[in-house]
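Worksheet: the structure to be examined is printed underneath.
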Amino acid sequence: MLTTYVWSLVGGCLIGIAAGILLLFNGKIFGVSGIVGGLLTPVRGETSWKLAATAGLIVGGVVMGLMNFDVFTALPPPSMLLLIASGLLVGFGSRLGNGCTSGHGVCGIGRFSPRSMAATVTFMGAGVLAVVLINSLS
């Protein structure tokens, strides 16, 4: 069985390839919050590729689950209220930061965007801080 490190490397490469293809062939940034947000406020000519990208993310997760990988069993399932609150906070944060981890962290840094570099340092720092705080409370 392949290790978590190998699967992480493969996943990261696939994300980078997908983002590069979208940028090279369509001139679009693969920022998931912008793609999904764009489905809520559709623009003519933009809906089909955004639907395809969103469906690909969902299908990828379903396929991983069906292949019996333990990717979804690392933590106990959260309460529905916690899940909804977390999703709303992530959505709020990505709107506040004018993008999400995929838009800033993958595409923005690859384009040497100073704004994306600052955003990535901020959300990575917040993530590290959250892990340290949660681990210290457990």
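The values are calculated or read from the model by the stated rules, or taken from the named source; none is laboratory data. Because the structure is a prediction, the values reported are computed rather than measured. Neighbour counts are summed over all protein chains in view; Cβ atoms, including those assigned to glycine, are modelled from backbone coordinates with ideal geometry.
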Review point. Conditions: (1) β-branched (Val, Ile, Thr); (2) under 14 Å from VAL32 (Cα atoms); (3) at pLDDT below 85. THR73 meets all but one. Number of the miss?
Key: (2)
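Matching residues to (1) assigned to a helix (DSSP H, G or I); (2) modelled with pLDDT of 85 or more; (3) closer than 23 Å to THR120 by Cβ:
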| site | (1), (2), (3) |
| --- | --- |
| LEU23 | yes, yes, yes |
| LYS28 | no, yes, yes |
| VAL43 | no, yes, no |
| ILE58 | yes, yes, no |
| GLY61 | yes, no, no |
Review point. Name the residues in region 120-138 that are under 14 Å from the mean Cα position of the chain (by Cα) and of a type in the set (A, V, I, L, M, F, W, C), would you?
Key: PHE123, MET124
